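Student: Structure incoming, see below.
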């Protein structure tokens with residue numbers, strides 16, 4: 001946890017997608033203090049006309065390199081979220097040249113009882129995960 005969904009315009013190579021996933025996981029591991037093997041990432045690719053991503057009047061120039069990160073997570077400290085936002089944008093820019101204005105991040109919070117990792121069990125509630 002968190003569950004990380006990444007929406008992007010179709011056309012990136014498999015190697016670039018893997019690099020995006022690795023950067024995002026490494027950044028989340030550091031900033032959000034993830035457990036080992038706490039990696040749940042799903043990529044969805046779209047045709048350009050299937051994504052309308054404006055800027056709420058902030059003046060950003062979006063390109064087809066745009067990435068939308070949607071995380072579903074147990075509660076996190078505000079400072080950890082802010083660190084994640086800054087580090088993810090920096091790491092994507094430094095390692096892949098993705099413009100900071102082409103990265104949008106949203107975190108939706110839920111609670112431990114909202115997760116089952118398999119076997120129909122609520123592992124946070126039954127003691128399998130603490």
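Student: Being in contact with a helix residue (DSSP H, G or I) (Cβ under 7 Å, 6 or more places away or on another chain), closer than 14 Å to residue 23 by Cβ and not in a strand (DSSP E or B) is the filter here; which residues of the range 81-106 pass it?
Tutor: 84, 87, 88, 89, 91, 92, 93, 95, 96, 98, 100
Student: Surrounded by 11 or more Cβ atoms within 10 Å (Cβ to Cβ) and either within 24 Å of residue 116 (Cα to Cα) or modelled with pLDDT under 95 (or both), is that true of residue 53?
Tutor: Criteria met by residue 53.
Student: Run residue 116 past the list (1) surrounded by 12 or more Cβ atoms within 10 Å (Cβ to Cβ); (2) free of Cβ contacts under 8 Å to residues at least 12 places away in the same chain; (3) in a helix (DSSP H, G or I) and report the number of the one that doesn't hold.
Tutor: The single condition residue 116 does not satisfy is (3).
The values are calculated or read from the model by the stated rules, or taken from the named source; none is laboratory data. In this text the structure is predicted, and so the values were computed from the model without any measurement. Here the Cβ is made from the backbone with ideal geometry for all residues, glycine too, and neighbour counts use every protein chain on show.
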